[in-house]
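Asker: Sharing a structure with you now.
The values are calculated or read from the model by the stated rules, or taken from the named source; none is laboratory data. Owing to the predicted nature of the structure, the values given are computational and were not obtained by experimental measurement. Neighbour counts run over all protein chains shown; Cβ positions are idealised from the backbone, glycine included.
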Amino acid sequence: MDGSQGDMNAAPLRPEDVRRFLSDNPQFLHEDDGLLAELGLKVDGGNVIDFGPAVLARVHAAHQRESEQRQQIEETARANFAAQAQTHGAVVDVLDAIGHADLAARVDEIARARFGLLAGALAVESEGAAPAGWVRLVEGQVNLILGPQRLVAMGPEPTARGLFGEQAEAVRSIALVRMAMWSPSRQGLLAFASDDPEGFTPDMGSELVAFLARVVERTAERWPL
C-alpha cells in the first residue's frame, strides 16, 4: 500500500527530464530496437540515429501543408487587393455620371469590364416611370426580392433574375444591395449578375459591393426623380 501511495504522489514526468536522461544515457535508445522502430528512427553504421521513412514522410507532409496554406493566403491577399483596386476605379466611374441613364449604363459597364460579370443593373420602386435605364419596381417589391430584413444578399437569388431582362436565363448567381434614395425615400437595388454559380455565394464578404451601393445612392440623388 505504501508503494502504491508513492506512485500516486510521484511528480509528473517533464520533457526536460526525458531530455536530460537521454543525454546522460545515449545507449538507452541505441539498444532498444523496438522503441526506435515505434519512433520511426534507426541507427546507421556510424552509430548515429537517422530518420526513417515514416519520420521523413511526416516532415514532408507538414512542409507541404505549410506551403499550401502560405500559397492560399498569398492568393487571397492578391485577389482582395485586385478587388479593392477595381472597386476604387468603379467609384470614380460612378462619380463621373452625368444623369440617371448614364449612371445605369456605367453600373452595367463596371460589372462587365471591371469585374468580369454578366451584367449590372439599377432598380427603384416607383409609381410612375423609372429613370431611363433603370428597372421599375412596384412598391414593396424590394422586400419581396431581398427580404424585409436583409440589406445585402449574395447567391442564387432566383427572384432577382428578372432585373436583368433578356439575360435572365444566363444568370446563375447575384449580388444585391438595398438602396434608399431621394425625398420622400424610395427603395431601390444595386444588382450584379454572374453566369457562374460560384460567382457570388452567401459566405462571401459584401463590404465592397455595399460601399459601391452607397456611392451610387449619393450620385443618383444629384438629379430629381
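Asker: Restricting attention to region 190-225, which residues are part of a loop (DSSP other than H, G, I, E, B) and hydrophobic (A, V, I, L, M, F, W, C)?
Answerer: Phe200, Met204, Trp223, Leu225
Asker: Could you list, in sequence order, all residues of region 113-131 that are at pLDDT below 95 and either surrounded by fewer than 16 Cβ atoms within 10 Å (Cβ to Cβ) or of a type in the set (Val, Ile, Thr) (or both)?
Answerer: Passing the criteria: Ala113, Gly116, Glu127, Gly128, Ala129.
Asker: Right, next: Among the residues of region 65-72, is any in contact with a strand residue (DSSP E or B) (Cβ under 8 Å, 6 or more places away or on another chain), surrounded by 10 or more Cβ atoms within 10 Å (Cβ to Cβ) and either modelled with pLDDT of 75 or more or not assigned by TED's automatic domain parsing to the domain that holds Ala130 (or both)?
Answerer: No, region 65-72 has no match at all.
Asker: Taking region 170-209 only, how many residues are surrounded by fewer than 19 Cβ atoms within 10 Å (Cβ to Cβ), hydrophobic (A, V, I, L, M, F, W, C) and more than 15 Å from the chain's Cα centre (by Cα)?
Answerer: 4
Asker: Yes or no: Arg150 more than 12 Å from Arg186 (Cα to Cα) and basic (Lys, Arg)?
Answerer: Considered against the rule, which asks whether it is more than 12 Å from Arg186 (Cα to Cα) and basic (Lys, Arg), Arg150 comes out as yes.
Asker: Shifting gears a bit: Having 3 or more residues that are touching a residue at least 60 places away in the same chain (Cβ under 8 Å) is the bar; report the strands (runs of 3 or more DSSP E) wholly within region 88-175 that clear it.
Answerer: Once the strands (runs of 3 or more DSSP E) in region 88-175 are filtered for at least 3 residues that are touching a residue at least 60 places away in the same chain (Cβ under 8 Å), what remains is 119-125.
Asker: Under 7 Å between Cβ atoms, which residue pairs at least 6 apart in sequence (or on different chains) link something in region 179-204 that is under 13 Å from Ser126 (Cα atoms) and in contact (Cβ under 8 Å) with a residue 24 or more places away in the chain with a partner that is small (Gly, Ala, Ser) and outside any strand (DSSP E or B)?
Answerer: Pairs that qualify, where the first residue is under 13 Å from Ser126 (Cα atoms) and in contact (Cβ under 8 Å) with a residue 24 or more places away in the chain and the partner is small (Gly, Ala, Ser) and outside any strand (DSSP E or B), are Met181/Ala220; Arg186/Ser126.
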